[in-house]
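Below is one structure, written out as structure tokens, with a few remarks after it.
The values are calculated or read from the model by the stated rules, or taken from the named source; none is laboratory data. Bear in mind that the values here come from a model prediction, so they are computed numbers and not experimental data. Here the Cβ positions follow ideal geometry from the backbone for every residue, glycine too, while neighbour counts run over all protein chains shown. Protein only, heavy atoms only, side chains kept; ligands, DNA and RNA dropped before computing areas. Shrake-Rupley method; radii C 1.70, N 1.55, O 1.52, S 1.80 Å.
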Amino acid sequence: MDNFKKLLKKPWKKKGEKTPKKENPRGKRAQKDSKSPSKSPTGRPEATSPGPITVKELLKPSPSFQETPQNGRVRLFIEKLRLCCVTFDWTKEGNHTQTESRGIEVKRQILLELVDFVGKSKQVFSEHVVVEVMKMIRVNLFRDLPPKVHQNMIDPEEEEPIFEAAWPHLQIVYEFFLRFIVSGDLDVRLMRKFITIEFVNNLLELFDSEDPRERDYLKTILHRIYAKFMMLRAFIRKSITTTFYHFIYDTERHNGVAELLEILGSIINGFALPLKEEHRQFFKTALIPMHKVKPLHVFHRQLSYCVTQFVDKDNSLATDAIHGLLKFWPVLNSSKELLFLNELEEVLELTQPEEFEYVHKKLFKRIQMAIGSPHFQIAERALFYWHNEYISSLIADYRKEILPIIFPALRSNSQKHWNQTVSTLTLNVLKIFVDIDSKLVEQCSKLYEADLVREEQKRKRRLARWQLIET
């Protein structure tokens, strides 16, 4: 630090002052080389010096912002930004040289200083400064993602996530960029030169990172960009839609689907009514088909929220949502079927009676199968629909069409389902129908008994035929 203070006291060369000539056999070329570049207060070459910053320059002492006069802080800020453009090879983690290890720690400290400076300083974001800021962000963030460790998408809550080796630096760069982009002193018109379509595309590519911490920062930053830069909104929506199409119909693998859906949830909430055809098409061609992919459990909560947001905005979409769920309904995957039953209840809560009329017959053919499922959780979840007051009222209004469809499953459950809870819930549902319309229940019971007799007669005829064949 003493050497650094002496360096600060070193007098600046006055403008026009000539460098003493030295004898050199190379003549004019030697004289040209003897002119050293001007120095900044830290003793490093000025911004005009060619070539990238090296680790050796990064390790030179650098003053803090507190030690620098007010009129020199912007200049120091730019210099520190340039120092942070030095990058390291994180693939050899644990095998860095001593110089590299020191450089990694020095860069981390400088990045922390930059974050603190951006948070406290006002009106320092001139075009010259913004150029350096965006260069530092591009150099550090826009990179090739490492090879995937997991072959399939994973749920971070169920399996151990993969963490980015460069996170000690990346985290601070993301925090710096977030503070920078939300700053009230930032000129949006100026930033349009830098937050471009290419920049947004590069951000979207990073959403496939396996590190959930990085995706969380990206989610917040992209949402802020969407809010601030109106001219990019249509492009961001289109790019997310394209990402979803690629995911649904090609790879079924993208680590950032949940985060992109979270962003869309906020965007959908701000849509004006009536909905544009573009938004309705996105709902029908992207959100609904997304239910068919295998790793649905990883992002179902966010997807369900987006679907219900759309239905809440425009009730006419309820029929599309219900038909879509029935189309992609899982047959052999019980955990996925539970997700569908949960989402279906949320959609039904927002469905108007006139929309319900179009779908109730097809819908309750599927619910009847769920009620009669040997998997007790599925049967239990379907029977819980009658605990929802609004859905129960819709069923009561259309009981004459619904009860004949579901009565066989209800009767069968009440008599021979292996799970006691399911049997009890089934009896409660039957009691509800008896209280509403006992005559209808009696009719359905007679039809059910007649069907049993016919089935028994069919069974006996079939058995007799087999005996005839065998003899």
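Counting Cα-Cα pairs of the range 280-338 in 10 Å increments starting at 0 gives whole-percent bin shares of 22, 58, 19, 1. Return the whole-Å distance between the Cα centroid of the range 128-151 and the Cα centroid of the range 443-469. With the range 128-151 and the range 443-469 each reduced to a Cα centre, they are spaced 71 Å.
The Cα-based radius of gyration and maximum Cα-Cα distance (Dmax) for the range 50-122 are 13.3, 42 Å. Over all distinct Cα-Cα pairs of the range 162-201, the Kirkwood formula returns a hydrodynamic radius of 11.9 Å. Applying the criteria of a DSSP loop state and at most 12 other Cβ atoms within 10 Å to the chymotrypsin sites (Phe, Trp or Tyr not before Pro) of the range 343-436 yields 418.
Only the Cβ atoms of Lys and Arg (+1) and of Asp and Glu (-1) were treated as charged; on that basis the dipole of the chain about its Cα centre amounts to roughly 2980 debye. Quick one: compute the contact order of the range 307-464, relative version, from alpha carbon pairs under 8 angstrom and 6+ residues apart, as a percent. Here the relative contact order equals 19 percent.
Volume per residue for the chain equals 246 cubic angstrom (convex hull of Cα atoms). Taking all protein chains together and rolling a 1.4 Å probe, residue 314 ends up with roughly 30 Å² accessible.
For the range 216-277, report the % of Cα-Cα distances exceeding 17 Å.
Values: 808 of 1891 pairs.
Here the tail beyond 17 Å accounts for 43 percent of pairs.
Ordering 433, 387, 450 by the projection of their Cα atoms onto the charge dipole of the range 365-471, which places +1 on the Cβ of Lys and Arg and -1 on the Cβ of Asp and Glu, puts 450 at the extreme positive end. Global size of the range 221-340: 14.1, 46 Å for Rg and Dmax (C-alpha atoms, Rg to one decimal, Dmax whole).
Just the number: Rg to Rh for the range 110-262, Cα atoms, Kirkwood Rh, two decimals.
Numbers: Rg = 16.1 Å, Rh = 16.5 Å.
On the Cα set of the range 110-262, Rg over Rh gives 0.97.
In Å, what Kirkwood hydrodynamic radius results for the range 63-162 from the alpha-carbon pair distances? Each step should come with its number before you reach the end.
Working: mean 1/r = 0.0617 Å⁻¹.
Computed over the range 63-162, the radius equals 16.2 Å.
Along the positive direction of the dipole of the range 144-191 (beta-carbon charges: Lys, Arg +1; Asp, Glu -1; about the Cα centre), which of 176, 153, 165 reaches farthest? Of the candidates, 176 comes out farthest on the positive side. Phi angles across the range 349-361 convert, under the Karplus curve 6.51 cos²θ - 1.76 cosθ + 1.60 with θ = phi - 60°, into 3J(HN,Hα) values of 4, 9, 7, 7, x, 5, 6, 4, 4, 6, 10, 5, 5 Hz, Gly and Pro given as x. Normalised by the number of residues in the range 109-221, the mean separation of alpha-carbon contacts (under 8 Å, six or more apart) gives a relative contact order of 41 percent. Shape annotation for the range 391-471: C-alpha extents along the principal axes are 57, 27, 18 Å, from largest to smallest.
From Cα pairs below 8 angstrom and at least 6 apart in sequence, can you work out the relative contact order of the chain, rounded to a whole percent?
Values: 392 pairs, mean separation 38.2, N = 471.
About 8 percent, as a whole number.
Distance from the C-alpha centroid of the range 191-219 to that of the range 222-239: 12 Å, rounded to the whole angstrom. Note on the chain: dipole from Cβ charges, positive end direction compared against 223, 265, 201; the farthest Cα belongs to 201. For the range 291-433, the alpha-carbon radius of gyration amounts to 1.01 times the rule-of-thumb value 2.2 N^0.38 Å expected for a compact globular protein. In this Cβ point-charge picture (+1 for Lys and Arg, -1 for Asp and Glu), the range 311-428 has a dipole of about 740 debye about its Cα centre.
For residue 323, the accessible surface of its heavy atoms amounts to roughly 70 Å² (probe 1.4 Å, protein chains only, rounded to the nearest 10). The heavy atoms of residue 160 present about 130 square angstrom of accessible area, all protein chains included, probe 1.4 Å.
Largest first, what is the accessible-area ranking of 297, 254 with a 1.4 Å probe?
Most to least solvent-accessible, the answer reads 297, 254.
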